[in-house]
Amino acid sequence: MDGGRKDVDAEEDPDRLRGHPASEVDGVDEDEKAPRRSRRVASLDVFRGLTVALMILVDGAGGEWPVIGHAPWNGCNLADFVMPFFLFIVGMAIPLSLKRIPDRGRAVRRVVIRTLKLLFWGILLQGGYSHAPDELTYGVDMKHIRWCGILQRIALAYLVVAVLEIVTKNAKVQDQASSGFSIFRMYFSQWIVACFILVIYLSLVYGIYVPDWEFRVSDAKNPNYGKVLTVTCGTRGNLDPPCNAVGYIDRQLLGINHMYHKPAWRRHRACTDDSPHEGPPKTDAPAWCAAPFEPEGILSSLSAVLSTIVGVHYGHVLVHMKRHTDRLKQWFIMGISLLALGLILHFSHAIPLNKQLYTSSYICVTAGAAGIVFCLFYFLVDVLNLRHPLSPLQWVGMNAMLVYVMAAAGIFEGFLNGWYYETTNNTLVYWVRKHVFVRVWHSTRVGILLDVLFTQILFWAVVSGLLHRARLYWKL
């Protein structure tokens, strides 16, 4: 937690540092001789705050509301937009952050340090060390530590794309105005790298031979607990749960013990009669239903870098284009185009939408949706200046790391659960959920949804607002 102004150079609107037309539209009449005063891109904070709020919502209520939880395999529910939105936001902030660091060595050091911090927090929170909020224990067997996770994927994408931006940017064009598609030409080398990543991903996904494999069932609730089961594959180019190349590469490089042991596919209709809800396994469920799978694995994380590159392009538009209408036109056209391309790929059965595999159609749909949502916030917040109604989201966005750790990762709730009466199920958290929400509304589903909205999202929005007033922020 840092006092004073946050590291604002990460998300400055460059037009607010100069006397460009966009500043005039905002009602800012700046004297070029006056000291520069940086202002954050408020719409980007609002978008980040919305994404953090969505993560809290889907983690807390997704079990009762499958439509907002992760799709068991193919498809795209509300939860499946969260990760790409984060990566898009990270990408968009990169040109704004690195623009004000002309020294490449200093920029690389900053990127590497932030990457290491993200990796540390990711492994600590999702590697198995923290058991919050439900279990009042901590610690992880290193034989079963999970190396991948949300922050680890963000760290990888940030490292790759930020270094790419540092290496490829040309100081002569940093302050150069642009229009139309000339921005693509300015950063043509970045799109070449993006195409190279896409080719590698598609070549491996459709070209690697996946042999039969086996695993030991680790879920104590499964009737086959402790048994070694065999999954029959012997194929290549398969995108089904058991025999895809994404899972095969993770099993070979990470080791099956270091993968996620509660994948969303357990809610697949082939695995449980309660699908899309969680439920007991079918008696004739295929062996792979009880197997681990890493949704933030190696090959899928390589593909996820493309979501960040799309975000970088939106950041370049903000840097180089001076008028709101030009920016919005460029962003909206690209967002609609990506969304349409992704839907065509999915509904033509060419490439299905799949978050677990991070398929090309999934990248297009989610990146396009992110671009459209950001356009909406930019128009409302930065053009029409309607900031007050969206202030709670902006506050959360400015302290996103704090809210993620305390709310989404369950650390604060775990702390509260540590103060119980007689039994560990008799805590303030459980009492409020049961008596204030579930019993009042006579519905577990509605009660849990309202509990998440009020005691987590709204609560942390208020806390973030108070911290904002005190100018206290957690930065990496």
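The table that follows gives values for the structure above.
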| read-out | value |
| --- | --- |
| Condition broken by ASN238, with the remaining ones in (1) in a loop (DSSP other than H, G, I, E, B); (2) open to solvent by less than 50 Å² (accessible area, probe 1.4 Å); (3) more than 13 Å from PHE293 (Cα to Cα); (4) in contact (Cβ under 8 Å) with a residue 40 or more places away in the chain satisfied | (4) |
| Qualifying positions in the stretch 308-325 - assigned to a loop (DSSP other than H, G, I, E, B) and either open to solvent by less than 30 Å² (accessible area, probe 1.4 Å) or modelled with pLDDT of 95 or more (or both) | MET321, LYS322 |
| Test: ARG267 is of a type in the set (D, E, K, R) and crowded, with 17+ Cβ neighbours inside 10 Å | yes |
| Hey, ARG251 crowded, with 19+ Cβ neighbours inside 10 Å, in contact with a strand residue (DSSP E or B) (Cβ under 7 Å, 6 or more places away or on another chain) and charged (D, E, K, R) or not | yes |
| Residue within the stretch 207-214 that is in a strand (DSSP E or B) and open to solvent by 80 Å² or more (accessible area, probe 1.4 Å) present | yes |
| Qualifying position, being under 21 Å from ALA264 (Cβ atoms), in contact (Cβ under 8 Å) with a residue 24 or more places away in the chain, of a type in the set (A, V, I, L, M) and in contact with a helix residue (DSSP H, G or I) (Cβ under 6 Å, 6 or more places away or on another chain), among ALA155, ALA79, ALA93, ALA107 | ALA79 |
| Members of the stretch 437-455 that are free of Cβ contacts under 8 Å to residues at least 40 places away in the same chain, under 29 Å from the mean Cα position of the chain (by Cα) and open to solvent by 40 Å² or more (accessible area, probe 1.4 Å) | VAL446, PHE454, THR455 |
| The listed residue being in contact (Cβ under 8 Å) with a residue 12 or more places away in the chain and out of contact with any helix residue (DSSP H, G or I) (no Cβ under 7 Å at 6 or more places or on another chain), out of THR325, THR308, THR359 | THR359 |
| Yes/no for ILE154 being more than 21 Å from the chain's Cα centre (by Cα), open to solvent by less than 20 Å² (accessible area, probe 1.4 Å), within 30 Å of PRO292 (Cα to Cα) and modelled with pLDDT of 85 or more | no |
| So ALA220, is it over 18 Å from SER301 (Cα atoms) and either open to solvent by 60 Å² or more (accessible area, probe 1.4 Å) or in contact with a helix residue (DSSP H, G or I) (Cβ under 9 Å, 6 or more places away or on another chain) (or both) | yes |
| Residue within the stretch 198-206 that is among the hydrophobic types (A, V, I, L, M, F, W, C) and not in a helix (DSSP H, G or I) present | no |
| Counted residues, the stretch 379-436 - those being of a type in the set (Lys, Arg) and open to solvent by less than 60 Å² (accessible area, probe 1.4 Å) | 2 |
| Residue that is least open to solvent (accessible area, probe 1.4 Å), among those in the stretch 281-305 that are in contact (Cβ under 8 Å) with a residue 60 or more places away in the chain and among the acidic types (Asp, Glu) | GLU294 |
| Residues of the stretch 326-353 satisfying the condition of being open to solvent by less than 60 Å² (accessible area, probe 1.4 Å) and in a helix (DSSP H, G or I) | ARG327, LEU328, GLN330, TRP331, MET334, GLY335, LEU338, LEU339, ALA340, GLY342, LEU345, HIS346 |
| Helices (runs of 4 or more DSSP H) wholly inside the stretch 1-115 containing at least 2 residues that are within 22 Å of the chain's Cα centre (by Cα) and either over 28 Å from LYS322 (Cβ atoms) or at pLDDT 95 or above (or both) | 42-61, 82-98 |
| Top-ranked residue in the stretch 118-134 [being free of Cβ contacts under 8 Å to residues at least 24 places away in the same chain and out of contact with any Lys or Arg (no Cβ under 7 Å at 6 or more places or on another chain); ranked as surrounded by the most Cβ atoms within 10 Å (Cβ to Cβ)] | LEU124 |
| Number of the condition not met by VAL383 [criteria: (1) farther than 25 Å from ARG153 by Cβ; (2) out of contact with any helix residue (DSSP H, G or I) (no Cβ under 7 Å at 6 or more places or on another chain)] | (2) |
| Within the stretch 369-378, considering residues that are surrounded by 23 or more Cβ atoms within 10 Å (Cβ to Cβ) and small (Gly, Ala, Ser), the one farthest from ALA79 (Cα to Cα) | GLY371 |
| Members of the stretch 219-235 that are part of a loop (DSSP other than H, G, I, E, B) and more than 28 Å from the chain's Cα centre (by Cα) | ALA220, LYS221, ASN222, PRO223, ASN224, TYR225, GLY226, LYS227, THR232, CYS233, GLY234 |
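The values are calculated or read from the model by the stated rules, or taken from the named source; none is laboratory data. Keep in mind it's a predicted model, so treat the numbers as computed, not measured. Glycine also receives a Cβ, built like all others from the backbone with ideal geometry; neighbour counts cover every protein chain displayed. SASA here: full protein model, heavy atoms, side chains in, ligands and nucleic acids out. Shrake-Rupley method; radii C 1.70, N 1.55, O 1.52, S 1.80 Å.
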